Each structure stands twice: as structure tokens, then as C-alpha cells.
Number of protein chains: 2
Amino acid sequence: MNTKEKIEDLGLTKQREVVLRVIRDAEQHLTANEIFEQSKQLLPGISFATVYNSLRYLKEAGHIAEISFGNGASRFDSMTSRHDHAICTKCGKLVDMEIDLPEEIVAFAAEFSKFKLESIELTLRGLCPECNK
Amino acid sequence: MNTKEKIEDLGLTKQREVVLRVIRDAEQHLTANEIFEQSKQLLPGISFATVYNSLRYLKEAGHIAEISFGNGASRFDSMTSRHDHAICTKCGKLVDMEIDLPEEIVAFAAEFSKFKLESIELTLRGLCPECNK
DNA sequence: TTTAGATTTAGAATCATTCTAAATCTAAGT
DNA sequence: ACTTAGATTTAGAATGATTCTAAATCTAAA
């Protein structure tokens, strides 16, 4: 039995489907390069450019999200719902968090900035359990 | 009368002091390249590498903070106190916000992630007033 | 004044990402 | 099935940000 669920029909090309599959099956958030390496195993001829094209496409279609902090390459996330991140300042480990952000804080931030809100997230920086020993 | 305040004695080298001055005097958050351009006006011989070295040094010493979102170059911030950011998804405009984050949210995030907390910030993405017209 | 360590410099190198142009695929209409 | 137009993929070049390297210079302590 395979743990990997079939990807519902999204009208994706073969390569975009592979990229999405890799991201969905990953235990952690992968970089474009890691996604390329794993995609090649499922679809040997795929090119790096296609991985980037697919990431852009999937992001715009709302199937994945891009996460980037100061340090190096972006990472990609298959969670579609709003959530937050914790990042380790020592090893770079990235962890998803679900924090219930009170409506009044969201409203205050929108009012303060005068921006038309699209998304809002909390980022915690610190030491992960391993690095904190 | 000069609006620019003297930088207190931090034991900085000439070039690090210039980089810090440029960041402190800036109206908005600058990229490393913009900082280099402006630093050259105050200290013509300064090199790009030194700007990067200085930025790293000043960041580690806690005098400035680096802000980076997916899109392009990092920006540097002289505010030392905790604060949050709003970023325009269309033009990239970056605005500082001061949001009062309830202690229980901070505690919950630390507990949830199991990280030893160093900092926490809120990031709002959306359209700035100009781009929203 | 010597010396060791830190800093600066210029330019090369690296890394992530985007662009380009040609080849290939796909779907719609014949 | 055949044509065509548009979208997609490919390989590799190009770009942009940042870091590295090695030599020169500065600084502070002995």
C-alpha cells in the first residue's frame, strides 16, 4: 500500500503534477533545488527551468505557498490554509504553526498600515529544540 | 542646523559608522546596493564588500536588522525595538508597524513550536494605498 | 617599533532565480 | 487524421544578490 494519495484532477501537466506531488509528499519544506532533485526521480527528463516555472504556476494557482527568510533559498509549502512559521536562527529548521490570530489584531494591522490586506502571518525566530541543547 | 544626529561612540570603524549613518538617516529601508551608493558619497573609497561586511557586523552587534521577503534584495532597518512589517505585493513597498502582540499569543507560539524564542513578528501582505487605487 | 589581529579592498566565485529561443505538446476546428 | 495557435518544456545563458579570497592596510598592544 502506498501512503501517497493520488492528486485530484487539477488539469495539470505531467511535470507540474510531479512538482506538486513532491511538495505534498515532503516531510519538510523543500527548496527549489531539492524539489528538482526529487522530481527527476519521478520524471527523469524534467529540467530545472520547468521546476521553477511549475513553482510559479502552482503558487499563482494557490496550490502551494512560497516561504522565504533572509537565509538562502526559498522553501515551498503545500499547506493552503493560513498558518505561521517558526525558524531556527542556528540551523534554519522551519516549522509550521497554527496560531489563532485575534480578529482585532488583524484589523488593527490593516488599519495601521492602510494596506488592503491579503494575508498576515506570524514569524517566530529562535532556537529549535535540537539547537537549544 | 543639521537634522542628522551624531552617532554615539560605538567603537566603530570609519566605514561601519558611515554605513550605520546611511541606514539611520534613510527615509525608508534600503537595499545593500542603495546603502553602497549612499556610503560612497560620504566615503568615496568604500568598497561593496565592506558594505556587506559592515552590514553583517552591525546586524550581529544588534545595531540594525535585516528584513527580507521573497522578492529580491534584503533591506536594512535601523529600528532596534520590536516591530512588524507590511509589504505591498505589487510594488514591494515596505512599511513599519507597531502592533501590540498580546503576551498570551507570544507564549502560545513559543509553546507550540517548542523553540527558545528570540523574536517574533507579524507580516502583513497586501496592496499599499497607491497600488490599491 | 614590532607584531598580531582585525579590517578593507577589488575582483572572482557562488548561488538562486529568471530569461531566451528553439523544440515539443495539446486542444480546437477542419 | 491534419493544421494551426497557443501553451509548455527544454538547455543553457544571463542576471542579481551575496560571499569568498588573497593581498594590502590599519590599529592597538607589547
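Which residues make up the longest stretch of chain A that has no GluC sites (Glu not before Pro) in a DSSP loop with at most 16 other Cβ atoms within 10 Å?
On the way: sites that count: A:E5, A:E8, A:E27, A:E98, A:E130.
The longest uninterrupted stretch comes out as A:28-97.
Count the net charge of all other residues whose Cβ sits under 10 Å from the Cβ of B:H63, scoring Lys and Arg as +1 and Asp and Glu as -1. The partial results should precede the final answer.
On the way: positive: B:R16, B:R24, B:K59; negative: B:E60.
Taking every Cβ under 10 Å from that of B:H63, the sum is +2.
Using a Förster distance of 35 Å, how high is the FRET efficiency between A:K90 and A:K116, based on the Cβ-Cβ distance and rounded to 0.05?
Numbers: r = 37 Å, r/R0 = 1.05.
In this case the efficiency is close to 0.45.
Over all distinct alpha-carbon pairs, what is the Kirkwood Rh of chain A in angstrom?
Working: mean 1/r = 0.0601 Å⁻¹.
Result for chain A, one decimal place: 16.6 Å.
What share of the DSSP beta bridges in the stretch A:1-126 is antiparallel, in percent to the nearest 5?
Working: 9 of 13 bridges.
Percent antiparallel among DSSP bridges in the stretch A:1-126 is about 70.
List the extent of the Cα atoms of the protein assembly as shown along each of their three principal axes, largest first, rounded to whole Å.
Principal extents (largest minus smallest coordinate, Cα): 74, 51, 43 Å.
For B:F108 paired with A:L42, estimate the spin-label separation in nm (one decimal), with each label point 7 Å from Cα along the Cα-to-Cβ line.
So the two model labels end up 3.4 nm from each other.
What is the total of Lys pairs in chain A with C-alpha atoms under 25 Å apart, excluding same-chain pairs fewer than 8 positions apart?
Summing the qualifying lysine pairs gives 15.
Roughly how crowded by other chains is peptide A:100-113, in terms of the mean Cβ count from those chains within 10 Å of each of its Cβ atoms? Mind showing how you got there, number by number?
Numbers: counts 2, 3, 3, 0, 1, 6, 3, 0, 4, 9, 4, 1, 8, 14.
For this peptide, the per-residue mean of nearby foreign Cβ atoms is 4.
What FRET efficiency comes out for B:M79 versus B:T13 if R0 is 35 angstrom and r is the Cβ-Cβ distance? Round to the nearest 0.05.
Efficiency, rounded to the nearest 0.05: 0.95.
Across the stretch A:13-76, how large is the tail of the calculated P(r) beyond 19 Å, expressed as a percent of all Cα pairs? Mind showing how you got there, number by number?
Values: 418 of 2016 pairs.
Counting every Cα pair in the stretch A:13-76, those more than 19 Å apart make up 21 percent.
Read-outs: derived from the displayed coordinates by stated rules, not from any lab. As the structure is a computational prediction, the values presented were derived from the model and not from experiment. Please note: Cβ atoms are built from the backbone with ideal geometry, for glycine as well, and neighbour counts cover all protein chains shown.
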